[in-house]
1. Using the scaling law 2.2 N^0.38 Å as the reference, what is the normalised Cα Rg of the chain?
2. Quick check: convex hull over the Cα atoms of region 1-127, volume per residue in Å³, rounded to an integer?
3. Hey, what number do you get for the chain at 222 nm if only DSSP H runs of n ≥ 4 count, each worth -39500 (n - 2.57), divided across all residues, to the nearest 500?
4. If I stretch the segment between Phe3 and Ala110 completely, what's the gain in nm (0.36 nm per residue apart, minus their alpha carbon distance), one decimal?
5. Taking amide H positions as placed 1.01 Å from N in the peptide plane, with prolines and chain starts having none, which residues 5 or more places from Phe247, or on another chain, fall under 5 Å of its amide H?
6. Using 0.36 nm per residue, how much length does the chain from Met37 to Ser71 gain when fully extended, once their Cα-Cα distance is taken away?
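Every number here is computed from the coordinates shown, using simple stated rules; none is lab data. Small disclaimer: the values here were computed from a predicted structure and weren't measured.
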Amino acid sequence: MKFKLVPPRQGMLWVRHGLQVFFQRPAAFCLLLFVYMLVGWMLFFSIAPLATAGFMIATRQALQGRMPLPSVFLEPLRSGSAQRWAQLKLAVAYLAGVVLVVWLVRSVGASAFQALDQSAAAGRTAEEQIVPLLSDPSFQLAWWVGAVGFALLAIPFWHAPALVHWGGQSAGKALFFSVVACWRNRSALVVYMLGWCAVMLVFAVLSSIVLGLLGAEQLALVAVLPAALMLTAAFYASLYFTFADSFEPAEAPVDTQEVP
């Protein structure tokens, strides 16, 4: 598969395309997210790479006018023995990375986490009792270690599952070329992430204004949580476009410039 370079503005197109394809099949993508959250939690989210490939397959099916079903998460395991083992290797590698990041976070913020555990055990869970503990420098450092750690972990796994599924690459090559592709199109990916942050921020502001005008601030959590899950599903629906525009496969995916 050949690399393709895209301009930074492509990142906003990925966001737009993700929202468009999500609203074509909102129930299907929400169901996929629910299944992933349910199964992924039980398996410590080790299936994240497999889920990424599944969501990309779901997006491609939606673009073709088909209804994505939860079986898309099994499609990457049906591509052949070599690709199946490569996907399983990615899952194991991702789990190892998650464990490493969590261990680093717990090690850096050991004292802060211990204080939080003791406070919870003693029933001291009021805001004025918890906030000072969250302001502990070791907790703040642990938070940054976790944020940076998971961000770095995401880079090699961003395109890797799709490269295995559609490119037939080994796990090692897929991880390497994912890093290269993310680096070469880093500007578009930064715009893409900022675009999603902007979408979520705009939604949060508009929700606060509407609920404030209606005098129903107490319903904020009830209203915002389902919408946040929908935006999360839309984000996963947009992942396919970041891959399709970063590589030129032998069998070209659906043209992402002409999404209905």
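1. Rg over 2.2 N^0.38 Å, computed on Cα atoms: 1.10.
2. Hull volume over Cα atoms, normalised by residue count, gives 203 Å³.
3. Working: 11 runs with 194 residues, N = 260.
Taken over the chain, the calculation gives -25000 deg cm²/dmol.
4. Numbers: separation 107, 0.36 × 107 = 38.52 nm, distance 4.26 nm.
Here the segment from Phe3 to Ala110 would lengthen by 34.3 nm.
5. Hits under the 5 Å cutoff: Lys4.
6. So the chain would gain 10.7 nm between Met37 and Ser71.
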